[in-house]
Structure formats: C-alpha cells, structure tokens
Amino acid sequence: MNQEIILAKLSTAFAVLALLIACVGLYGTMAYAVARRTSEIGIRMALGAQRGTVVWMVLREAFVLAAVGLAIGVPSALGASRFVESFLFEVKPNSPAALVFAVAILLSAVLLAGYAPARKASRIDPMTAVRHE
C-alpha cells in the first residue's frame, strides 16, 4: 500500500506543478497581448472607457482561451478515463464531481493568471500610450 500512497502523492505534486506552469504560461500570453495592444487600450481609455470595462475585456480573452482548452480537454479526459479506471479507488472514472472540480480549479487559475495583466491594462495612461506609437 505504501507504493500506491507514494504514487498518489507524486501524481498530486506533478498535477500542482502542471497547473502552476499553465498559470505562468497564460499570464505570459496575456501580458504579451496587453503589451501589444497598449496603444489600442490607451485610445479606448482616452475615448472614455472605464477601468472595469478594460479589465473585463482582457479577462474575456483569457476566458476564451480557457473555453477552447476545456472544449478540447473535457472530451479527451472523458475518453481517456477508461484507461486509468484500474488506478482509481472508490471513484468512478467519469465522476461528474471530479470533472466539475477540475473545471472550477482551471477557471480559478485563469482568473488568477489573467487578472494581473488586466489590471495593468486598466492603468495605462492614455497620453503615454498614444505617444508610444
């Protein structure tokens, strides 16, 4: 039984590491997108866009990326679940609770990784952004 416990702990550690790497990658993608659109966001702010609108605009892009990932990942997970059925103990391979929990964790990670670039985008000074171009 000790070997299974060690395998479970290692799997959990690698899953947390994978989630952290995904957050860093999404943060980098969103920060790069915000940096490329600095002048556009500055013009929007100069024309009267509110900070909350700009934050939501950037977060919406992050959630679209997450939705595409979920659209690919959830059916793949459902299809591949029969291969790991022998490793599961007292859990169904297609457990709705586990799937909902995984989706909630992913969406929380997207919110966490996308909020910093969104907040940075909402603080862009319109005059600096227009001069930069």
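Where a number appears in this text, it was derived from the coordinates with a stated rule and is not lab data. Just so we're clear, the structure is a prediction, and the values are computed from it rather than from any experiment. With ideal geometry, Cβ positions are generated from the backbone for all residues, glycine too; neighbour counts draw on all protein chains shown.
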Pop the C-beta distance of V64 and E4 into the FRET formula with R0 = 35 Å and round what comes out to the nearest 0.05. 0.35
Packing rank of 78-90, 18-30, where each peptide gets the mean count of other beta carbons within 10 Å, highest leading: 18-30, 78-90
The chain: calculated mean residue ellipticity at 222 nm from DSSP helix runs of at least 4, using -39500 (n - 2.57): -28500 deg cm²/dmol
What are the ³J(HN,Hα) values, in whole Hz, obtained from phi via the Karplus relation 6.51 cos²θ - 1.76 cosθ + 1.60 with θ = phi - 60°, for each residue of the range 62-67 in sequence order, with x given for Gly and Pro? 5, 6, 5, 4, 5, 5
Put a dot 7 Å past each Cα toward the Cβ at R119 and F87; how far apart are the dots in nm? 3.6 nm
When only C-alpha pairs under 8 Å and at least 6 residues apart count, what is the relative contact order of the chain, in percent? 49 percent
